[in-house]
Amino acid sequence: MQKQQEIKMLKAFSDANSTSGFEGEFVKLFTATVQDFADVKVDGMLNVYASKKENKPGRPVIQLDAHSDAVGFITQAVRPNGMIKFVPLGGWVKYNIPALRVKIKNRAGEYVPGVVATKPPHFMTAAEKNNVPDVADMSIDVGSSSRAETINDYQIDTGCPIFVDVKCEYNEKSGLFFGKDFDDRFGAAAMADVLDNLKGEQTAFNVVAALSSQEEVGLRGAYVTARAVKPDLAIVLESCPADDTFTPEWLSQTGLKRGPMLRDMDTSFLPNPKFQQYACDLADKNNIPYTRSVRTGGGQDGAAIYYENGAPTIVIGIPVRYEHSPYCFSAYSDFKASVDLALAIIRDLTKEKLASFSQF
C-alpha cells in the first residue's frame with residue numbers, strides 16, 4: 001500500500017466499533033480490506049481466516065495473528081434513575097474511565113451516545129474529590145430520566161455493548177496518530193498491509209492471516225485459530241504498551257519511533273529463542289529498527305498459539321502510548337517497520353531455517 005492508503009486504513013480501523021464478543025463491525029471492515037488478495041472465511045466466533053490467494057497444498061504454513069477486539073464495556077443493568085450500570089471488557093484501570101465519552105449499541109442496532117457520569121465538584125465532599133469510585137459504582141448517562149425510558153425509548157438493557165467514542169487523527173508533521181483502540185487495530189492493519197504487499201508473489205510457505213476475537217478477555221479466539229490453521233510458525237502482530245514516558249532511559253524498552261518491540265518475555269509467553277534471534281538478525285541486516293523487552297506484566301495471542309501446537313512463535317509489537325485508555329499515540333514509522341520486518345521474515349524463511357528453530 002502507499003502511505004496515504006495506509007493512513008486512511010489505520011484511521012478507519014481505529015474508528016471502528018469493536019469490543020470483546022462484539023467484533024462484527026470491524027470484522028466486516030477487515031474482510032472488505034483484504035478480500036481482493038486473500039481468500040476469506042469467518043467462523044462462528046467471528047475469527048477471520050485470510051489465506052494468501054497463491055497458497056498451495058502441502059506447503060508449511062506461517063500464521064500471522066492480530067486481534068479484532070479492543071477494551072470496552074457491556075451493560076449489566078439499568079438503574080432506577082435510568083443510568084446504566086456497566087462491566088468492563090478487558091483490562092481497564094478505574095482512573096481512566098470517569099467522564100469518558102462512549103456509544104452504546106442498542107437493541108435496534110443504533111448507536112446511542114453517552115458519558116460515564118461524574119458528580120459536579122459543587123456537590124462533592126472533600127473525600128469524593130480525592131478518590132475515584134470503583135467501577136461497580138460508576139454509571140453511564142445517555143440523557144434518560146428513568147429506567148423505563150432507557151429500556152423502552154433508548155432500547156438499552158442488559159447485554160448491550162459499549163464502545164469508546166474517539167475519532168482517530170493523524171499529524172503529518174509529527175508522524176503520529178492520536179485515537180482509540182490502537183491495541184490491536186494497528187496490528188490488524190499491519191497484517192492487512194503484509195498481505196497486500198505479498199499479492200501475486202510466490203513464497204516458500206503458505207500464509208494465513210488470522211484475525212482473532214476476544215483477546216482482551218483471555219486470548220480465546222487465538223486458541224481456536226491455532227487449532228484451525230495448524231501453523232508451522234507464527235508471527236503475532238500486536239500493539240504493545242510504550243514505557244518511554246515513565247521509565248528511566250536505561251530501562252525503557254518500548255518507545256515511539258524506535259521501531260517494533262520484539263518480546264522476550266511477558267507473564268504468559270516466552271518466544272522460541274532461535275526464531276527470536278533470527279528475527280533480530282534479519283532486522284539488523286535490513287536496517288529495520290527494533291527493541292527487545294522483558295515484561296513483568298501483560299499477555300497476548302502468541303501464548304495461545306504457542307501453547308496450542310508448539311509452533312515457533314514471536315511477537316512483533318507496535319508501540320502505543322497509554323494503551324487500554326481512551327486516548328493513544330502511535331507512530332507511522334513504527335507501524336511501517338513492523339510491516340517491513342514481517343515481510344522480511346516471510347520472504348527470507350526456508351524450510352531449513354524453520355527446522356533449525358527446533359534444533360538444540
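Listed values, structure above:
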| quantity | calculated |
| --- | --- |
| Of residues in segment 136-163 being aliphatic (A, V, I, L, M) and either modelled with pLDDT under 95 or closer than 15 Å to residue 75 by Cβ (or both), the one surrounded by the fewest Cβ atoms within 10 Å (Cβ to Cβ) | 136 |
| Every residue from segment 288-304 that is under 13 Å from the mean Cα position of the chain (by Cα) and open to solvent by less than 10 Å² (accessible area, probe 1.4 Å) | 300, 301, 302 |
| Whichever residue in segment 270-287 is within 22 Å of the chain's Cα centre (by Cα) and under 27 Å from residue 332 (Cβ atoms) and, among such residues, is surrounded by the fewest Cβ atoms within 10 Å (Cβ to Cβ) | 276 |
| Selected residue [touching a strand residue (DSSP E or B) at 6+ places or on another chain (Cβ under 6 Å), surrounded by 17 or more Cβ atoms within 10 Å (Cβ to Cβ) and assigned to a loop (DSSP other than H, G, I, E, B)] from 258, 263 | 258 |
| Qualifying residues in segment 31-67 (those that are within 16 Å of the chain's Cα centre (by Cα) and hydrophobic (A, V, I, L, M, F, W, C)) - the one surrounded by the fewest Cβ atoms within 10 Å (Cβ to Cβ) | 46 |
| Qualifying residue in segment 243-255 (condition: modelled with pLDDT of 95 or more, in a loop (DSSP other than H, G, I, E, B), more than 19 Å from the chain's Cα centre (by Cα) and within 23 Å of residue 8 (Cα to Cα)) | no |
| Among (1) in a loop (DSSP other than H, G, I, E, B); (2) under 18 Å from the mean Cα position of the chain (by Cα); (3) not polar (S, T, N, Q) - the single one residue 183 does not satisfy | (1) |
| Residue match in segment 11-30 (condition: farther than 30 Å from residue 350 by Cβ, among the β-branched types (Val, Ile, Thr) and open to solvent by 40 Å² or more (accessible area, probe 1.4 Å)) | no |
| Looking only at segment 154-180, and only at residues there that are among the β-branched types (Val, Ile, Thr) and part of a loop (DSSP other than H, G, I, E, B), the one that is nearest to residue 106 (Cα to Cα) | 156 |
| Tally of residues being open to solvent by less than 10 Å² (accessible area, probe 1.4 Å) and under 14 Å from residue 39 (Cβ atoms) across segment 193-208 | 3 |
| Count of residues meeting criterion [loosely packed, with under 15 Cβ neighbours inside 10 Å and part of a loop (DSSP other than H, G, I, E, B)] in segment 305-360 | 6 |
| Pairs where the first residue, in segment 20-39, is over 22 Å from residue 91 (Cβ atoms) and among the small types (Gly, Ala, Ser) and the second is modelled with pLDDT of 95 or more and in a helix (DSSP H, G or I), C-beta under 7 Å, 6+ apart | 38/195 |
| Unique residue being within 30 Å of residue 134 (Cα to Cα), in a loop (DSSP other than H, G, I, E, B) and open to solvent by less than 10 Å² (accessible area, probe 1.4 Å) when the list is 82, 109, 91 | 82 |
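The values are calculated or read from the model by the stated rules, or taken from the named source; none is laboratory data. Everything quoted here is computed from the prediction, not taken from an experiment. Virtual Cβ from ideal backbone geometry, glycine too; neighbours counted across all protein chains shown. These area figures cover heavy atoms from the full protein model, side chains too; ligands, DNA and RNA do not enter into them. Shrake-Rupley method; radii C 1.70, N 1.55, O 1.52, S 1.80 Å.
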